[in-house]
Amino acid sequence: MIKKIRRLPKNINKLTSIQDYYHQPGTIPGTIIIDENAVQPNIILIDYNQTELIRVQINNPEDCNNYLDTESVSWVDVQGLGNRDILERLGQVFDLHPLVLEDVVNMAERPKIEDYEDQLLIIARMVVPKERNFGFHSEQVSLVLGKHYLLTVQEEPEYDCFDGVRTRIEKNKGIIRKQGADYLAYSLLDSIVDGFFPVLELYGERIEELEEEVIVKPTPQTLQQIYKIRRELLQLRRAIWPQRDAINSLIRDSSQIISDDVRIYLRDCYDHTVQVMDMVETYRELASGLMDVYLSAVSNKMNEIMKLLTVVSSIFIPLTFVAGIYGMNFNTEKSPYNMPELNWYWGYPLCLGLMALISGGLMIFFWQKGWLSNSFQIK
């Protein structure tokens, strides 16, 4: 049973960039959710052994049957999920359990491992850095591993980190052509995990730039960038954390599809996931620290501004006092004590001189106290 997609309302605050899909309560198990805007499937089959390699474009899923029964390794790569008929026929060709087909097509699955006797379902999350804008593309990749075949399903063909594996197969580099389908699955998982490192490297460079920006010239846009990085790092953490557990389960569980030799390689892949987790946690702590530094920098800047305003006000308060006294309308003809300075010949220059003397004295006093060293450096 296939239903149209139901999206969450746009006004819900999402913590991930992954599209959130959900089933209506009471939906039949095995229900497939198809996105109306999904890309039409592009199926490529690579069949190889130590001496021969075949790469064909598959238009009819039934054509895969000619390769699945051989001793060679068959890699069927499906890129796009926009055709209901092709997906159903693929499920029949590979004898997929309805729940497997549901997990493969629904793009909000958590990375996991499911054992179906003669098949292993591996759900992984692949990230690819954006070429023009800062950030990354996130995509679910499903791997169905059989004895001599591997079926991979991607959301779309544009963003992919499997080119290195394809090159090794085509040019017969390394031992990939000498191994089975389980080694191919390991190679793809290793490429997916290693794809996190370029993304994290970009985040490390961006955090270094923000550190300098926060200290030198913090702005509200800086705070927005820090908050955005924290949210995206949370997305990476949610992607790699269950992926690490899934790879660990491949190492621990005694599935007959995974050979002991491949389990040794999977240990290295597991180590890479641990490294990615450490980097993600480190960058999240740095981003949180940047938030505190930003708040401290803004507070310090405000304190310096208040100090400058206080200094300026302290200088003009006595000047205002003098001007206020001599601005009073006293009549000197009534009494010689009614501000005789108003009738002095040099009264005006002397008043200005007194104000200048008071201002200069206060400036010297503030300078000796060290209050002027930082006040006039505010930008």
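For the options ILE123, ILE240, ILE58, a Gaussian network treatment of the chain with springs between C-alpha atoms closer than 10 Å singles out ILE58 as fluctuating the most.
In a reduced charge model with +1 at each Lys and Arg Cβ and -1 at each Asp and Glu Cβ, the range 288-371 shows a dipole moment near 80 debye about its Cα centre. Of the candidates GLY174, GLY82, GLY135, which one comes out as most mobile in a Gaussian network treatment of the chain with C-alpha springs shorter than 10 Å? The residue that fluctuates most here is GLY174.
Values of log10 I(q)/I(0) for the chain across q = 0.07, 0.09, 0.12, 0.14 Å⁻¹ run -0.49, -0.65, -0.97, -1.19, by the Debye formula with one identical scatterer at each alpha carbon and no solvent.
The distance from the alpha carbon centre of the range 334-373 to that of the range 196-230 is 52 Å, rounded to a whole number.
The string of couplings for the range 65-76 from the Karplus curve (6.51, -1.76, 1.60, θ = phi - 60°) is 4, 5, 10, 6, 8, 8, 7, 6, 8, 10, 10, 9 Hz, one whole number per residue in order, with x for Gly and Pro.
Quick one: work out Rg over Rh on the C-alpha atoms of the range 209-361, Rh as Kirkwood radius. Using Cα coordinates only, the ratio equals 1.57.
Of PRO340, PRO98, PRO111, the residue with the greatest mean-square motion in the GNM of the chain, using alpha carbon springs below 10 Å, is PRO340. When its C-alpha radius of gyration is set against 2.2 N^0.38 Å (N residues), the range 38-85 gives a value of 1.22. For the pair GLU281 and PHE365, label points projected 7 Å from Cα toward Cβ lie 5.7 nm apart.
Of the listed pairs LYS130/LYS228; LYS307/LYS369; LYS130/LYS217; LYS112/LYS178, which have alpha-carbon separations greater than 21 Å here?
Pairs exceeding 21 Å: LYS130/LYS217; LYS112/LYS178.
Restricting the calculation to alpha carbons of the range 191-235 gives Rg and Dmax of 12.2, 39 angstrom.
Per residue, how much accessible area does the chain have with a 1.4 Å probe, in Å²?
About 56 Å² of surface per residue is accessible.
Along the charge dipole of the range 245-379, Cβ charges K/R +1 and D/E -1, which of GLY361, SER299, SER259 sits furthest on the positive end? Highest projection toward the positive end goes to GLY361. Couplings for the range 319-326, taken from phi via the Karplus curve 6.51 cos²θ - 1.76 cosθ + 1.60 with θ = phi - 60°, read 5, 5, 4, 5, 4, x, 5, 7 Hz in order; Gly and Pro are left as x.
Projected over all directions and averaged, the alpha-carbon convex hull of the range 218-282 occupies 4.9 nm². Report the longest stretch of the chain that contains none of the GluC sites (Glu not before Pro) sitting in a DSSP loop with at most 10 other Cβ atoms within 10 Å. In the chain, the maximal stretch lacking such sites is 132-332.
Taking each DSSP H run with n ≥ 4 as -39500 (n - 2.57) and averaging over every residue of the chain yields -17000 deg cm²/dmol at 222 nm.
Please give me the summed charge of the neighbours of SER72: other residues whose Cβ is under 9 Å from its Cβ, Lys and Arg +1, Asp and Glu -1.
-3
Computed from backbone phi with θ = phi - 60° and the Karplus coefficients 6.51, -1.76 and 1.60, the 3J(HN,Hα) list for the range 34-50 is 10, 7, 5, 9, 5, 6, 5, x, 10, 10, 10, 10, 10, 10, 8, 9, 5 Hz; x is used for glycine and proline.
With all protein chains in place and a 1.4 Å probe, the accessible surface of the chain carries 53 percent carbon and sulfur. If one computes the Cα centroid of the range 270-300 and of the range 42-118, what distance in Å separates the two points? About 40 Å separates the Cα centre of the range 270-300 from the one of the range 42-118. Under 5 Å from the amide H of HIS137 lie the amide H atoms of VAL128, LYS130, each residue being 5 or more positions distant or on a separate chain, with H modelled from the backbone and absent for Pro and chain starts.
The values are calculated or read from the model by the stated rules, or taken from the named source; none is laboratory data. Small disclaimer: the values here were computed from a predicted structure and weren't measured. Cβ coordinates were reconstructed from backbone atoms using ideal geometry, including for glycine residues, and neighbour counts include every protein chain displayed. Only protein heavy atoms, including side chains, enter the accessible area calculation; ligands, DNA and RNA are left aside. Shrake-Rupley method; radii C 1.70, N 1.55, O 1.52, S 1.80 Å.
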